[in-house]
1. Need one word for chain B: rounded, prolate or oblate. Basis is the Cα gyration tensor (sqrt eigenvalues a ≥ b ≥ c); a/c below 1.5 gives rounded, then a/b vs b/c decides.
2. Using a 10 angstrom cutoff on alpha carbons, build the Gaussian network for chain A and name the most mobile of A:103, A:137, A:199.
3. Restricting attention to the alpha-carbon atoms of the range A:53-135, what are Rg (one decimal) and Dmax (integer), both in Å?
4. For Cα pairs less than 8 Å apart in space and 6+ apart in sequence, what is the mean separation divided by the residue count of chain B, i.e. the relative contact order in percent?
5. If a/c stays under 1.5 just call it rounded; otherwise compare a/b with b/c (prolate if a/b is bigger, oblate if not). Do that for the range A:92-152, with a ≥ b ≥ c from the square roots of the Cα gyration tensor eigenvalues.
6. For the protein assembly as shown, report the translational diffusion coefficient in µm²/s to the nearest whole number, using Stokes-Einstein at 37 °C, 0.692 mPa s, and a Kirkwood Rh over Cα pairs.
7. How much length is gained on full extension from residue A:227 to residue A:16, taking 0.36 nm per residue of separation minus their Cα-Cα distance?
8. Report, in cubic angstrom per residue, the convex hull volume of the C-alpha atoms of the range B:65-214.
């Protein structure tokens, strides 16, 4: 099991609970999408995965390691997480150094090679010597994903990886994820972009008020789309229109 | 206010290439214009130029041509930020938060404070703006403790509160959930006629739902500028740099089918 969360509660110091009795499992090779309203607790769960935050109750295991008791430096070798805002995690003077930081810190013997591979996979080779803040926001997003990929962890967790990306970068990510999937990596992806991720996903979790309100294989979600409205989740407009038009042509 | 650009070009430093080049277009008062194009096409630069932020913050930049906003003509562009007549929301919402207020209510009210709004009127406007974007329940929360999508709505509320004549939004639907996106559609449709809106997007859904003018940029050049019908008719032409695949399947069917609900939908989307 790559991720096993059992009865997880979490609250920030002040305020109401963000996650309540949250339970889920992700097996090796799976790709789970987490969807839900703004403020449902999706990004908070990602910070619990790599141990930046600890559950106030319950447990999360990453490849069998309890996130509450395992040092974050050790967890980083098992799960690489990207944040929604690239500015929160970029600090090196060049794109290449930024990507190299992770695998080198994890003492990966082939850190340089992993960096080259990530640069190629995310289409950043020509930007390798640029300062990350000279990149456009969409390119910085690719950089954070490249940095996570280069850590060579079995599990990758991304927070809205396609937010603000144009068609060109979306295709890079789509091809990149397919390749990483065939390499046996597992994914946990927080997103509103169902259009993009449903074809890659094995399962979809709908988070509502800190709980898993609905969980189903990706294919089933499309059939039960009407159930999801109450959790603030809808299928992409074009998908809904095409379904409507298809139904119309059958009738 | 009407926005007109005449052969407007800009590059960030003297030795660099143009980031936007020779843009000529006119957006009538009360129109809603979508600026579409791949990363690096010049969408953000164009919005910054109209807002006045480009000249104010990039002093080494070089512009040419002119930008007119209502009766005022700027050569080559406004040299100071035109708030509150022109309101701008950046793509990165966290950069828009002042940090001077500990609550969302205070943050939304900060824009009104800046233009010296009377206290009682201010309170009413704050509540109305928060209600409009569905964040009343977040009123007493700390802006820095909000999620990305929530923060984006706070920024929008702060802008709407001052009722700018021109509203510039850089990728406004980026981190929004389905309900907030539907709310944004309702807000932008509701603003029509009173406010001129220019927004950028990588996706087509919001543009097709709310825009009546379409500007497509590629490598800083204007590939298309026009109304909705010619834009939709030429959709295939943008394949490869705009996500047109799904809409290319939907539009011909919506245009041809005659079932009453399909006709109604086509009319609502102004596709026929």
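Just so you know, all these numbers are worked out from the coordinates, no wet-lab data involved. Being a predicted model, the structure only gives us computed values, none of them experimental. All Cβ positions, even for glycine, are placed from backbone atoms using ideal geometry, and neighbour counts span all protein chains on display.
1. On the way: a/c = 1.80, a/b = 1.14, b/c = 1.58.
Oblate is the answer for chain B, as a/c is 1.5 or above yet b/c matches or exceeds a/b.
2. Among A:103, A:137, A:199, the largest mean-square fluctuation in the Gaussian network model of chain A belongs to A:199.
3. For the range A:53-135, the Cα radius of gyration and maximum Cα-Cα distance read 15.1, 46 Å.
4. Working: 523 pairs, mean separation 65.3, N = 272.
Worked out over chain B, it gives 24 percent.
5. Numbers: a/c = 1.92, a/b = 1.68, b/c = 1.15.
Here the range A:92-152 falls in the prolate category.
6. Working: Rh = 24.2 Å.
Rounded, D is 136 µm²/s.
7. Numbers: separation 211, 0.36 × 211 = 75.96 nm, distance 2.64 nm.
Separation in residues times 0.36 nm, less the Cα-Cα distance, equals 73.3 nm.
8. Enclosed volume per residue, from the Cα hull, is 125 Å³.
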